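J.: Please see the structure below; I have some questions.
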Amino acid sequence: MNNEQVGEIKRYFGVVAEGLRNDIRQVAEGVTNVSEKLDREITALRDEMRTEFNEVKSMTKFPVLSWIKELDYLRVKSQH
C-alpha cells in the first residue's frame with residue numbers, strides 16, 4: 001500500500017467517523033426530547049391523579065363524618 005492509498009483510506013474513515021458523530025448527536029437529541037416529554041407527561045399525570053384523589057377524598061369526607069356521628073348517637077342511645 002502506498003502513501004496515496006493510506007491517505008485515501010484515512011479520508012474515507014474520517015468521513016465515516018463524521019457521519020457517525022452526526023448520527024450519535026441526533027440520537028442523543030432524540031433521547032433528550034423524549035426524556036423531557038416523558039417528564040412533562042409524568043408531571044401532568046401526577047397533577048391529574050392528585051386532583052382526582054382530592055375530589056374523591058372530599059366526596060367521602062362528609063358521609064364518613066355523618067356515619068361516625070350516627071354511630072356515636074347509637075352508642076349513647078344503646079347505653080341508656
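Every number in this text was worked out from the coordinates using simple rules, so none of it is lab data. Just so it is clear, the model here is predicted, and its values are computed rather than measured. Reconstructed Cβ throughout: ideal geometry from the backbone, glycine too, with neighbour counts over all protein chains shown.
J.: Kindly state, to the nearest 0.05, the FRET efficiency for ARG46 paired with VAL76, given R0 = 41 Å and r defined as their beta-carbon distance.
T.: Step by step, r from the Cβ atoms, then E = 0.40.
J.: Additional query: Normalise the Debye intensity by I(0) for the chain, one equal point scatterer per Cα, no solvent, then take log10 at q = 0.22, 0.24, 0.25, 0.27 Å⁻¹ and round to two decimals.
T.: -0.99, -1.04, -1.06, -1.11
J.: Tell me which of PHE62, ILE9, GLN79 sits at the most positive position along the dipole axis of the chain, charges placed on C-beta atoms (Lys, Arg +1; Asp, Glu -1).
T.: In the chain, that residue is GLN79.
J.: Turning to a different aspect of this structure: Cα axis of helix 3-79 to longest principal axis of the chain: angle in degrees, 0 to 90, nearest 10?
T.: 0 degrees
J.: With r as the distance between the Cβ atoms of ASN33 and ASN54 and R0 = 35 Å, compute the FRET efficiency 1/(1 + (r/R0)^6) and round to 0.05.
T.: 0.65
J.: Can you give the extra length, in nm with one decimal, that the chain gains between ALA17 and GLN5 once fully stretched, where that is 0.36 nm per residue apart less the Cα-Cα distance?
T.: 2.5 nm
J.: Rank GLU55, GLU70, GLU18 by mean-square fluctuation in a GNM of the chain with C-alpha springs under 10 angstrom and give only the top-ranked residue.
T.: Fluctuation is largest for GLU70.
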